[in-house]
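*Asks:* Below you'll find the structure I mean.
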Amino acid sequence: MGIEAGPLQAQLLAWYAQHRRDLPWRQGAGPYRVLVSEFMLQQTQAERVTPRFTAFLQQFPDFAALATATTADVLRAWSGLGYNQRALRLQQIARTVTAQYGGDLPSNIADLRRLPGIGPYTAAAVACFAFGAQIATVDTNIRRILQRLVGADAPDSRLTERQVWELAGAALPEGRAADWNQALMDLGATTCTAHAPDCAHCPVADLCRFRRDGRSSDAPPAPTHRTRSKSPQPFVGSSRYYRGRVLRVLAALDPGAGMALPALGRQIKEDYAGYDATWLEPMLAQLERDGLVALGDDEGEITARLPEG
């Protein structure tokens, strides 16, 4: 396992200098901006995040503003991005930072990992992009590129997570960690994509085992034996789909306003009927346990609203 680090670094950094994406969180990338962007980018494409990031920072420009905001206001600002618990964790971090760190995000990996919602990648990304740490980061795009560079894109030859991080560290150019990590991310987002890699325009195609092995097609390698494939669960109609619809409906209400369960049911499900309450009530109860919804009782009728705490 290995890559030609010198040529790879030179070719990719030269490409990045000409083709880097103009993303708002790369402009004046302070710790708060970096952290917000990293949370928004978890499982969400940059194109969707860009306008929401700008609007979020206008409403909550720093840790203090986010920490003192109502949870309902934070969820309204987040509405539509999905995975709404990210917003709760981000606000928890803001409150911890203001209460325990004097308003300054800690810079070392160990302290970052103690904050809610921050795993190995996010901790490394914040340390690198916000504080200039010379460390590797490994997100989905970087993992895919490194797998392909060493010819391990086939399911039966994938690198372990530890091997990927070791490879990322070995390829890191001295003093250029931030540019290098961003360059790999941009390459994975625009050229070395998951299903249709554009090898003809890749700046490091000549160093790539994936291409040399003839696997530049978007089709996966043919299996050597028959396997039963699982159909992915459709998003529309799933629990996550309806949870998101509940949050969007409640976010559109006036601050402090709630909605009765039957009206809420009709808003999120076109064919909602009275018996659907046995499905909706447990889902709302789980949302309340997750801190995303506040339930109340209005003259014997269940009402839901965004939490103000």
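The values are calculated or read from the model by the stated rules, or taken from the named source; none is laboratory data. Worth saying up front: this structure is predicted, and the values here are computed from it rather than measured. Positions of Cβ are generated from backbone atoms using ideal geometry, with glycine treated the same way; all protein chains shown enter the neighbour counts.
*Asks:* Scanning region 267-280 for residues that are loosely packed, with under 15 Cβ neighbours inside 10 Å and assigned to a helix (DSSP H, G or I), which turns out modelled with the lowest pLDDT?
*Replies:* GLY274
*Asks:* Going by what's in this entry, would GLY258 be described as touching a strand residue (DSSP E or B) at 6+ places or on another chain (Cβ under 8 Å) and loosely packed, with under 15 Cβ neighbours inside 10 Å?
*Replies:* No; evaluated as a whole, the condition is false for this residue.
*Asks:* Quick one: which residue in GLY102, GLY82 is of a type in the set (Gly, Ala, Ser) and touching a Gly at 6+ places or on another chain (Cβ under 8 Å)?
*Replies:* GLY82
*Asks:* Quick one: which residue in LEU172, LEU75, LEU159, LEU90 is out of contact with any strand residue (DSSP E or B) (no Cβ under 8 Å at 6 or more places or on another chain) and closer than 23 Å to ALA194 by Cβ?
*Replies:* Being out of contact with any strand residue (DSSP E or B) (no Cβ under 8 Å at 6 or more places or on another chain) and closer than 23 Å to ALA194 by Cβ holds for just one of LEU172, LEU75, LEU159, LEU90, which is LEU159.
*Asks:* Additional query: Quickly run through region 1-20 and pick out the residues that are crowded, with 17+ Cβ neighbours inside 10 Å and of a type in the set (A, V, I, L, M, F, W, C).
*Replies:* Result: ILE3, LEU8, LEU12, TRP15.
*Asks:* Assess whether ARG21 counts as being in contact (Cβ under 8 Å) with a residue 12 or more places away in the chain, basic (Lys, Arg) and outside any helix (DSSP H, G or I).
*Replies:* yes
*Asks:* Let me ask something else. Name the one entry in THR54, THR122 that is outside the structural domain of LEU247 (by TED's automatic domain parsing), among the polar types (S, T, N, Q) and within 12 Å of the chain's Cα centre (by Cα).
*Replies:* Testing whether each residue is outside the structural domain of LEU247 (by TED's automatic domain parsing), among the polar types (S, T, N, Q) and within 12 Å of the chain's Cα centre (by Cα) leaves just THR122.
*Asks:* While we're looking at this one, here's another question. How do the pairs read when you match residues in region 107-123 that are touching a residue at least 24 places away in the same chain (Cβ under 8 Å) and closer than 16 Å to ALA136 by Cβ with residues anywhere that are among the charged types (D, E, K, R) and in a helix (DSSP H, G or I), using Cβ under 7 Å and keeping only pairs 6 or more apart or on different chains?
*Replies:* Sorted first by the residue in region 107-123, then by its partner, the pairs are THR122/GLU38.
*Asks:* Considering every residue within region 91-104, establish whether at least one is of a type in the set (Lys, Arg) and modelled with pLDDT under 95.
*Replies:* Checking region 91-104: not a single residue is of a type in the set (Lys, Arg) and modelled with pLDDT under 95.
*Asks:* For region 147-158, check the following and say yes or no: at least one residue is in contact (Cβ under 8 Å) with a residue 60 or more places away in the chain and in contact with a Cys (Cβ under 7 Å, 6 or more places away or on another chain).
*Replies:* Checked against the condition, which is being in contact (Cβ under 8 Å) with a residue 60 or more places away in the chain and in contact with a Cys (Cβ under 7 Å, 6 or more places away or on another chain), region 147-158 yields at least one hit.
Quick grid of which residues meet (1) of a type in the set (S, T, N, Q); (2) free of Cβ contacts under 8 Å to residues at least 24 places away in the same chain:
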residue: ALA5; (1), (2): no, no
residue: LEU8; (1), (2): no, no
residue: GLN11; (1), (2): yes, no
residue: ALA17; (1), (2): no, yes
residue: ARG48; (1), (2): no, no
residue: VAL74; (1), (2): no, yes
residue: TYR83; (1), (2): no, no
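*Asks:* Any chance you could count how many residues in region 21-61 are surrounded by 15 or more Cβ atoms within 10 Å (Cβ to Cβ) and not hydroxyl-bearing (Ser, Thr, Tyr)?
*Replies:* The number of residues fulfilling the criteria is 22.
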